[in-house]
1. Report yes if Val164 is modelled with pLDDT of 95 or more and either assigned by TED's automatic domain parsing to the domain that holds Arg28 or buried (at least 19 other Cβ atoms within 10 Å of the Cβ) (or both), otherwise no.
2. Can you tell me how many residues within the range 68-80 are assigned to a strand (DSSP E or B) and within 9 Å of ligand 1 (Cβ to nearest atom)?
3. It is to be established whether one or more residues within the range 39-56 are open to solvent by less than 10 Å² (accessible area, probe 1.4 Å), modelled with pLDDT of 95 or more and not assigned by TED's automatic domain parsing to the domain that holds Ser210.
4. Identify the residue in the range 332-342 that is assigned to a helix (DSSP H, G or I) and in contact with a strand residue (DSSP E or B) (Cβ under 9 Å, 6 or more places away or on another chain) and, among all such residues, is most open to solvent (accessible area, probe 1.4 Å).
5. For the list (1) open to solvent by 10 Å² or more (accessible area, probe 1.4 Å); (2) under 27 Å from Thr257 (Cβ atoms); (3) over 19 Å from the mean Cα position of the chain (by Cα), I need the number of the one condition that Thr345 fails.
6. Pull out all pairs, ordered by first then second residue, where Cβ-Cβ is under 9 Å, the residues are six or more apart or on different chains, the first lies in the range 201-214 and is among the small types (Gly, Ala, Ser), and the second is open to solvent by 80 Å² or more (accessible area, probe 1.4 Å) and at pLDDT below 95.
7. Condition first: open to solvent by less than 90 Å² (accessible area, probe 1.4 Å), more than 14 Å from ligand 2 (Cβ to nearest atom) and in a strand (DSSP E or B). Now tell me which residues in the range 249-295 satisfy that.
8. Filter the range 9-47 down to the residues that are of a type in the set (S, T, N, Q) and within 16 Å of ligand 1 (Cβ to nearest atom) and list them by number.
Amino acid sequence: MQIKEHVSLKKLNTFGIDVTSRYFAEIRTAHDLQNLFSQDIILDYPPLILGGGSNILFAGDYSGIVIHIATRGVEMIDPESGKVLSEGDSSDTGEVFVRVQAGEPWDDFVAHCVNKGWGGLENLSLIPGQVGSSPIQNIGAYGVEMKDCFHSLVAMEKKTGKLVTFNKEACQFGYRDSFFKQQGRDLYVILHVTFRLTTRNHQLHTSYGSLIPELKAMGINTPGIADIRKAVIAIRNSKLPDPEIIGNAGSFFKNPTISIETFERLRKNWPDMPGFPVPGGIKLAAGWLIEKAGWKAYREHHVGVHQHQALVLVNHGTATGQDILRLAEKISNSINQQFDINLETEVNII
Ligand code: FAD
Ligand code: EPU
């Protein structure tokens with residue numbers, strides 16, 4: 001493992017922000033990671049764990065050490081013993097447990113599952129980033145969250161170098177939330193995640209707004225997991241910008257939850273305001289609020305709001321992290337003034 005100095009992070013964050021890291025190391029094994037965390041450099045230079053950089057905004061150069069996770073591997077296992085199984089070993093119980101190293105690209109893994117006929121993650125197709133980051137905010141899309149197929153994970157505790165197993169309960173998953181964003185923030189590095197997937201009688205999720213119309217447009221009435229993947233990819237490609245072309249980190253803000261009373265009051269002024277019942281109230285569509293406030297397709301030099309999805313802030317070229325943050329602040333102030341609602345950022349500001 002090599003520790004490099006003054007490394008450009010431009011290609012390692014999907015916003016495409018042109019910043020550098022004081023130190024930089026790439027981790028290919030758990031042993032590399034434990035070794036790095038036993039060195040003094042970690043005490044003097046705060047570590048930042050970087051996956052695919054698709055949920056991060058660098059506000060400036062990073063003065064610590066960026067640790068990029070590049071571990072690979074997908075294995076079927078016996079969840080009790082942790083023993084690796086070969087295709088022939090597995091008796092057909094209708095489910096499979098799959099252990100995935102943190103550095104595997106998320107969507108390659110989803111494609112692999114669909115090709116193998118393993119169901120559960122197909123609605124989460126085309127989400128950028130790595131498997132190891134997926135539990136951090138419990139990624140979600142089109143009616144499914146990662147937690148729905150989560151079995152367990154193993155993480156290294158930064159302070160001691162010890163490996164700790166977390167089951168689903170310990171991860172405290174919520175909407176774009178987990179233990180790793182709350183009490184466990186910055187304390188662990190996720191090494192691998194085990195998913196529980198179905199091999200037959202898949203439970204399909206097609207109730208999310210645009211999914212059935214998309215499947216119908218594709219001429220599909222009784223979809224399978226591969227059809228759902230195809231439909232999700234088509235919808236996502238129609239509204240979300242490709243970070244290879246326009247810098248972005250997906251939704252910049254979370255969708256806010258408000259009380260039923262507040263929702264009913266707002267609906268008097270905005271009868272078409274979408275709202276979805278969730279435990280604790282009504283979840284609003286922040287993209288709708290931002291569009292109503294007039295920001296959709298807004299552009300100011302190199303920063304802007306995506307033309308097809310107002311929840312996505314974009315870097316049209318040479319925007320800095322500060323430029324994006326200034327625009328985000330203007331937007332959240334305007335939503336606060338117009339609707340008296342506070343938007344919380346989804347993206348991790350570094
Ligand atoms: P990074 O951005 O590298 O890191 C995110 C956070 O996790 C950081 O705090 C980092 O320190 C930490 N972290 C990363 N790896 C580890 C690890 N191994 N151990 C401990 N901490 C770690 N998200 C959704 O939920 N749903 C969507 O539909 C969705 N769509 C998107 C569409 C686009 C076009 C883009 C650009 C982003 C989208 N996202 C979406 C956000 C993003 O893809 C996810 O949050 C993804 O899980 C981030 O993965 P990453 O590897 O890029 O994480
Ligand atoms: N809407 C607008 N204008 C917009 C954007 C959205 O009116 O510019 C309205 C839509 O018409 C729809 C509602 O808002 O009625 C919801 O829109 P959409 O289905 O596009 O989803 P979203 O709520 O904007 C969330 C996630 C996405 C995820 C999609 C699909 C959050 C913060 N975002 O977006 O996740 O892909 O649902 O499930 O929850 C991400 O987290 O980075 C992300 C992209």
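1. Values: modelled with pLDDT of 95 or more: yes; either assigned by TED's automatic domain parsing to the domain that holds Arg28 or buried (at least 19 other Cβ atoms within 10 Å of the Cβ) (or both): no.
Taking the combined requirement at face value, the residue does not satisfy it.
2. Selection size over the range 68-80: 2.
3. Keep residues of the range 39-56 that are open to solvent by less than 10 Å² (accessible area, probe 1.4 Å), which gives 50, 53.
Next cut, modelled with pLDDT of 95 or more only: 50, 53.
Filter again for not assigned by TED's automatic domain parsing to the domain that holds Ser210, leaving 50, 53.
Yes, some residue in the range 39-56 is open to solvent by less than 10 Å² (accessible area, probe 1.4 Å), modelled with pLDDT of 95 or more and not assigned by TED's automatic domain parsing to the domain that holds Ser210.
4. Going residue by residue through the range 332-342, those that are assigned to a helix (DSSP H, G or I) are 332-339.
Still in the list and also in contact with a strand residue (DSSP E or B) (Cβ under 9 Å, 6 or more places away or on another chain): 332, 335, 339.
Working: Ser332: 27, Ile335: 0, Phe339: 8 Å².
Residue satisfying both the conditions and the ranking: Ser332.
5. Going through (1) open to solvent by 10 Å² or more (accessible area, probe 1.4 Å); (2) under 27 Å from Thr257 (Cβ atoms); (3) over 19 Å from the mean Cα position of the chain (by Cα) one by one, Thr345 breaks only (3).
6. Pairs found: none.
7. Across the range 249-295, the qualifying residues are Ile258, Gly281.
8. Pass one, the range 9-47, residues of a type in the set (S, T, N, Q): 13-14, 20-21, 29, 34-35, 38-39.
Within the range 9-47, Asn13, Thr14, Ser21, Thr29, Gln34 meet the criteria.
The values are calculated or read from the model by the stated rules, or taken from the named source; none is laboratory data. Just so it is clear, the model here is predicted, and its values are computed rather than measured. Positions of Cβ are backbone-derived with ideal geometry, glycine not excepted, and every protein chain shown enters the neighbour counts. We work out accessible area using only protein heavy atoms, side chains counted, and drop any ligands, DNA or RNA first. Shrake-Rupley method; radii C 1.70, N 1.55, O 1.52, S 1.80 Å.
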